[in-house]
């Protein structure tokens with residue numbers, strides 16, 4: 001299995017631009033998570049999908065952030081407009097909810113720099 | 001709601017020395033406990049987990065952690081570290097029967113020196 005695939009691995013953009021991060025979860029997994037990692041705040045859960053439906057988006061920082069999961073094999077996290085404080089590494093993770101034993105499989109992350 | 005506290009943000013240690021990374025949690029219900037490891041420029045990988053049964057769990061690369069319910073702790077230990085163990089380690093907790101919603105601690109950076 002290829003694991004969780006994220007793109008792009010690195011993104012440098014200017015303040016005000018739209019940013020779209022993409023994630024392909026592991027085939028057969030029905031839960032998908034978006035996390036943000038910064039030095040100041042550590043790992044923060046932004047949003048959680050189960051069977052393509054958003055379950056908990058209380059971690060999404062503000063309306064500039066939106067996430068979608070149109071099907072079981074693809075999710076996007078969009079920031080519009082982007083700001084310098086959005087600079088972080090964004091991780092996507094997937095898991096199989098069946099059994100609920102908690103192992104998340106993480107992608108390698110998308111490092112976003114907003115100038 | 002649950003929370004996780006990792007008491008040390010950085011732990012420097014010499015190669016072949018023992019190490020303990022501390023983790024305490026709080027929760028009003030039964031929990032599963034996890035340690036994840038993050039190597040530089042990579043995502044997190046599961047190192048070991050406690051679900052039930054024996055309170056001592058081990059990883060394939062020599063780490064172990066012990067669930068202590070009375071002290072609400074899940075400290076990670078290794079008797080002899082290697083340079084390759086240099087990484088950031090995250091303790092995490094999820095409520096039993098609550099799906100896979102993990103709450104992570106702030107992480108501990110283990111720095112192994114030659």
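Could you pull out every one of the strands (runs of 3 or more DSSP E) wholly within segment A:3-115 that has 2 or more residues that are touching a helix residue (DSSP H, G or I) at 6+ places or on another chain (Cβ under 8 Å)?
Counting at least 2 such residues, we get A:110-114.
Any residue in segment A:79-96 that is more than 13 Å from every other protein chain (Cβ to nearest Cβ), modelled with pLDDT under 95, surrounded by 14 or more Cβ atoms within 10 Å (Cβ to Cβ) and more than 17 Å from residue A:8 (Cα to Cα)?
Scanning segment A:79-96 turns up no residue that is more than 13 Å from every other protein chain (Cβ to nearest Cβ), modelled with pLDDT under 95, surrounded by 14 or more Cβ atoms within 10 Å (Cβ to Cβ) and more than 17 Å from residue A:8 (Cα to Cα).
Considering only residues that are more than 11 Å from chain A (Cβ to nearest Cβ), farther than 18 Å from residue B:88 by Cα and surrounded by 14 or more Cβ atoms within 10 Å (Cβ to Cβ), which ones fall in segment B:22-57?
Hits for segment B:22-57 are B:25, B:27, B:57.
Go through A:72, A:67 for me and flag whichever is in contact with a strand residue (DSSP E or B) (Cβ under 8 Å, 6 or more places away or on another chain), more than 9 Å from chain B (Cβ to nearest Cβ), without any contact (Cβ under 8 Å) to a residue 60 or more places away in the chain and farther than 24 Å from residue B:106 by Cα.
Criteria check complete, one pass: A:67.
Among the residues of segment A:101-111, is any more than 11 Å from every other protein chain (Cβ to nearest Cβ), farther than 17 Å from residue B:46 by Cβ and surrounded by fewer than 21 Cβ atoms within 10 Å (Cβ to Cβ)?
no
Keeping to segment A:26-62, report how many residues are surrounded by 14 or more Cβ atoms within 10 Å (Cβ to Cβ), within 14 Å of another protein chain (Cβ to nearest Cβ) and over 30 Å from residue B:5 (Cβ atoms).
Residues in segment A:26-62 being surrounded by 14 or more Cβ atoms within 10 Å (Cβ to Cβ), within 14 Å of another protein chain (Cβ to nearest Cβ) and over 30 Å from residue B:5 (Cβ atoms): 2 in total.
Taking the options B:84, B:80, name whichever one is under 20 Å from residue A:106 (Cβ atoms), more than 13 Å from every other protein chain (Cβ to nearest Cβ) and exposed (fewer than 15 other Cβ atoms within 10 Å of the Cβ).
B:84
The values are calculated or read from the model by the stated rules, or taken from the named source; none is laboratory data. Keep in mind the model is a prediction, meaning the values are calculated, not measured. Every residue, glycine as well, gets a Cβ built from its backbone with ideal geometry; the counts of neighbours run over all protein chains shown.
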